[in-house]
Each structure stands twice: as C-alpha cells, then as structure tokens.
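The values are calculated or read from the model by the stated rules, or taken from the named source; none is laboratory data. Keep in mind the model is a prediction, meaning the values are calculated, not measured. Methodologically, a virtual Cβ is constructed for each residue, glycine included, from the backbone with ideal geometry; neighbour enumeration extends over all protein chains shown. With ligands, DNA and RNA removed, areas are computed over all heavy atoms of the protein, side chains included. Shrake-Rupley method; radii C 1.70, N 1.55, O 1.52, S 1.80 Å.
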Amino acid sequence: MEKTSHLGMNRTGVDMSPMHSKAMLEGAERVPGDVEANQMLATRRQEMIMEAGTIGSVPMPGTLKGALSSVMKKATGKSPETFINKLGERLAFERMGVRLYEALITKCETLANQQVGAVFTIDDLRRIRADEARHFQLVHDAITSIGADPTAQTPDADVSAVLSSGVLKVITDIRTTVPQSLEAILTAELADTAAWELLVQMAEAMGMSDMAASFREALEQEERHILQVKQWYTQLMTFEAGGKTTRH
Ligand SMILES: [Fe+2]
C-alpha cells in the first residue's frame, strides 16, 4: 500500500521559493484586500437567499392521506411530513452507505497489504456494508408502513446526497489511500449516527415505540461502525508515523 504521507516534489508552499514568496508578500501589502467587493458579494447573496425557494417538497400520495389520519396524525397531531422528510433522507444515506463500502472494499482489495490486514479485513468491511443494506431495508419498511412513498426523493434526502458526495469523491478517487478513504468513511459514519439519534427521538416523540426500538438497534450498530472505523484509521496512521499497531 502506498503511504499516505511521503516526501516528494511538492511546490505549493512559500518555502520552495524564498525569492518569489518575498515578492508575493510585497505585492499583498501593495494591493489590500477588496473589502467592498466582498461586502457586495455578501449583499447579493442575501438578496438571492430571500428570492430563492426551498429544495423540493415532501410528496403526498393518495395512500398517505388515509394512513396519516389513522397512524401518524393521531400520534403527532401535525406535520408528519417532517418525519417523512427525515426518513427519506435516511433511506438515501443508507443506500449511499452501501455504495461507499462497496468502493472502499474495491480499494482495499487492490491496495491492502499485511499492514492493513493486521488492522482489519475485507470481511469486516462486508459486515458493515451488510448493516447499511439492512438499515436501508428498515427505513424502506418504516416509510411504507406509514403509507409514504420510499421512491420519492425528499428535500433532506437531496441535501444529504450533496453532503455525502464529497465522501464518495474521496473514496472513488483512484489515487486516495486506504487511510484517506477510512477518514472519509468516518465522516459519513459520524453523520449517520447523529441522524439515527434524531430518528429514534422523532419516532419516540410520536409514540411509535416499535419503530423507535428498531431504529435504536440501527443506532447501536452505527455507533459500533464509528468505533471500528476510527480505530482502524488511527492504527494505520500510527503505524505509518512509526508507532506500533495492534489489532483489538
Ligand atoms: Fe454505518
């Protein structure tokens, strides 16, 4: 496996050319930052925020109306679409989670060496991928159980897809190392765990105790994912930095 940090011909820092960096500093002093232009940009952005609508909407299919009155409205009294929005987000994110682990598995199968093998195995990754796929199914079933449409992309599903697109880019970049990909996955797992905490609370607040219990199970699995990924990442980086690594 290629090291994440190796010495090379990096020319991005000022130390590479003291003469040019001195000229650059002189130039920066001569031409001060354009505060006025920055303020104009901020003002224009404010105007555009005021003019813009929101991202998408939560659909109301025919079957939803009946189900809402019997199941959800009784529990919530109002705004079941908020819950549907967040369920839609979780559905999209868990599907993305499966893809992230697929990509990580491909990377590890290609780059893994003894060092990685001493820390975690492809089967460890496959187990987490299977958890994510089960969570997808769990959310799918929760959405259909309240009469909503799991194929609809909700506003927060859209936003979370944009959020996690950076993670996907890092992992599918053919040049990134296993530790760099693990760091990306860690970002996704941290977001995932916080989101499940919210879903558990929302389900509980609506008196949907069976759903809350199944969500809590998923949350506990996500918490284990964080611990594992963080440990693997830490061990690989410690090893690379010259420390010892041991499998726990
Ligand atoms: Fe996870």
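Of LEU236, LEU227, all but one fail to be more than 15 Å from GLU89 (Cα to Cα) and away from the ligand (no atom under 13 Å from the Cβ); the exception is LEU236. When the range 206-220 is filtered for residues that are open to solvent by less than 50 Å² (accessible area, probe 1.4 Å) and out of contact with any Ser or Thr (no Cβ under 8 Å at 6 or more places or on another chain), the ones remaining, listed by number, are MET208, ALA212, ALA213, SER214, PHE215, ALA218. Look at VAL162 and say whether it is out of contact with any strand residue (DSSP E or B) (no Cβ under 9 Å at 6 or more places or on another chain), of a type outside the set (Phe, Trp, Tyr) and within 14 Å of the ligand (Cβ to nearest atom). So VAL162 fails the test. Looking only at residues in the range 169-188 that are more than 15 Å from THR234 (Cα to Cα) and either within 16 Å of the ligand (Cβ to nearest atom) or not basic (Lys, Arg) (or both), the one that is surrounded by the fewest Cβ atoms within 10 Å (Cβ to Cβ) is ILE174. If only residues of the range 143-155 that are open to solvent by 60 Å² or more (accessible area, probe 1.4 Å) and part of a helix (DSSP H, G or I) are counted, the one that is nearest to GLU89 (Cα to Cα) is THR144.
Output the residues belonging to the range 182-202 that are among the β-branched types (Val, Ile, Thr) and either more than 26 Å from ALA103 (Cβ to Cβ) or part of a loop (DSSP other than H, G, I, E, B) (or both). Working first, answer last.
Taking the range 182-202 first, the residues among the β-branched types (Val, Ile, Thr) are 185, 187, 193, 200.
Hit for the range 182-202 is VAL200, nothing else.
Might you let me know whether the range 221-231 holds any residue that is farther than 18 Å from VAL178 by Cβ and buried (at least 21 other Cβ atoms within 10 Å of the Cβ)? Scanning the range 221-231, I find at least one residue that is farther than 18 Å from VAL178 by Cβ and buried (at least 21 other Cβ atoms within 10 Å of the Cβ), so the answer is yes.
Among the residues here, MET211 does not qualify as modelled with pLDDT under 95 and aliphatic (A, V, I, L, M). Scanning the range 122-151 for residues that are within 22 Å of VAL229 (Cβ to Cβ) and of a type in the set (Asp, Glu) yields ASP123, ASP124, ASP131, GLU132.
Collect the residues in the range 6-34 that are assigned to a loop (DSSP other than H, G, I, E, B) and exposed (fewer than 11 other Cβ atoms within 10 Å of the Cβ), keeping them in residue-number order.
Here is the first cut: in the range 6-34, the ones assigned to a loop (DSSP other than H, G, I, E, B) are 6-13, 17, 31-34.
HIS6, LEU7, GLY8, MET9, ASN10, ARG11, THR12, GLY13, VAL31, PRO32, GLY33, ASP34 - these are the residues of the range 6-34 that are assigned to a loop (DSSP other than H, G, I, E, B) and exposed (fewer than 11 other Cβ atoms within 10 Å of the Cβ).
Conditions tested, residue by residue: (1) more than 15 Å from the ligand (Cβ to nearest atom); (2) open to solvent by less than 10 Å² (accessible area, probe 1.4 Å); (3) free of Cβ contacts under 8 Å to residues at least 24 places away in the same chain; (4) in a loop (DSSP other than H, G, I, E, B).
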position: GLN115; (1), (2), (3), (4): yes, no, no, no
position: ALA133; (1), (2), (3), (4): no, no, no, no
position: ASP141; (1), (2), (3), (4): yes, no, yes, no
position: ALA157; (1), (2), (3), (4): yes, yes, no, no
position: VAL167; (1), (2), (3), (4): no, no, no, no
position: GLU204; (1), (2), (3), (4): yes, no, yes, no
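Tell me yes or no: at least one residue of the range 169-181 is in contact (Cβ under 8 Å) with a residue 12 or more places away in the chain and outside any helix (DSSP H, G or I).
Looking only at the range 169-181, we keep the residues that are in contact (Cβ under 8 Å) with a residue 12 or more places away in the chain, and these are 170-172, 176-181.
Cutting the leftovers down to outside any helix (DSSP H, G or I) gives us 176-177.
Checking the range 169-181: at least one residue is in contact (Cβ under 8 Å) with a residue 12 or more places away in the chain and outside any helix (DSSP H, G or I).
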